[in-house]
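Notes follow the structure.
The values are calculated or read from the model by the stated rules, or taken from the named source; none is laboratory data. Since the structure is predicted, the reported quantities are computational estimates derived from the model, not experimental observations. Cβ placement follows ideal geometry from the backbone for every residue including glycine, while neighbour counts extend to all protein chains displayed. The area values use the complete protein model at the heavy-atom level, side chains included, leaving out ligands, DNA and RNA. Shrake-Rupley method; radii C 1.70, N 1.55, O 1.52, S 1.80 Å.
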Amino acid sequence: MSKGCSSNLSNVLHTVGTFQVGDYVVFAFLFVVSSGIGIFFAIKERKKASSKEFLVGGRQMSCGLVALSLTTSFMSAVTVIRAPLDVYRYGASYVIFGVAYTFVVFLTAELFLPVFYRSGNTSTYEYLEMRFCKLVHVAATLYNSNGE
């Protein structure tokens with residue numbers, strides 16, 4: 001490798017992982033838009049619903065919106081960023097994850113969501129407390145808060 005190529009590669013590697021001006025602009029724009037949407041609806045819907053109704057969208061959201069919400073809840077940003085790397089690394093076998101994910105989404109929609117909807121709970125932890133006791137709720141919270 002020539003000396004010129006080596007210095008160019010060094011410059012490229014040095015800039016990877018650091019924000020440039022354009023990155024800050026995009027980040028700030030997305031932050032302002034997201035915050036604006038949240039503030040707009042917080043002001044608009046302030047007097048209309050209790051906090052419990054706010055959490056479940058007044059139970060009047062369409063199927064498509066609920067599906068998008070579930071998808072974003074199930075898939076973390078790390079999963080979305082890591083998926084291309086895994087496909088590159090492990091090849092087409094990563095498709096198995098997609099197939100399994102599809103089955104899990106349908107299973108969740110048909111098995112668990114109706115139970116939560118009928119019981120009026122907004123989280124798995126509320127359901128565990130209602131079904132068993134407060135100790136099970138706390139134990140599940142502590143078990144799932146280990147960061148993995």
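Estimated at the nearest 10 Å², the accessible area of Thr102 is 70 Å² with a 1.4 Å probe.
Subtracting the Cα-Cα distance of Asn144 and Phe112 from their residue separation scaled by 0.36 nm leaves 9.7 nm. For the pair Thr124 and Val99 in one chain, pulling the backbone fully straight at 0.36 nm per residue adds 6.5 nm over the alpha carbon distance. With a simple spin-label model that places each label point 7 Å from the Cα along the Cα-to-Cβ direction, the separation between Cys133 and Val21 comes to 6.4 nm. Compared with the direct C-alpha span, the chain from Val33 to Leu85 gains 15.8 nm at full extension, assuming 0.36 nm per residue.
A simple rule links phi to the HN-Hα coupling: the Karplus curve 6.51 cos²θ - 1.76 cosθ + 1.60 with θ = phi - 60°, which for the range 31-36 gives 5, 5, 5, 4, 5, x Hz, with x for Gly and Pro. Our coupling estimate for the range 105-121, obtained by passing each phi through the Karplus curve with A = 6.51, B = -1.76, C = 1.60 and θ = phi - 60°, is 4, 5, 4, 5, 5, 8, 9, 8, 4, x, 5, 5, 5, 5, 7, x, 7 Hz, Gly and Pro reported as x.
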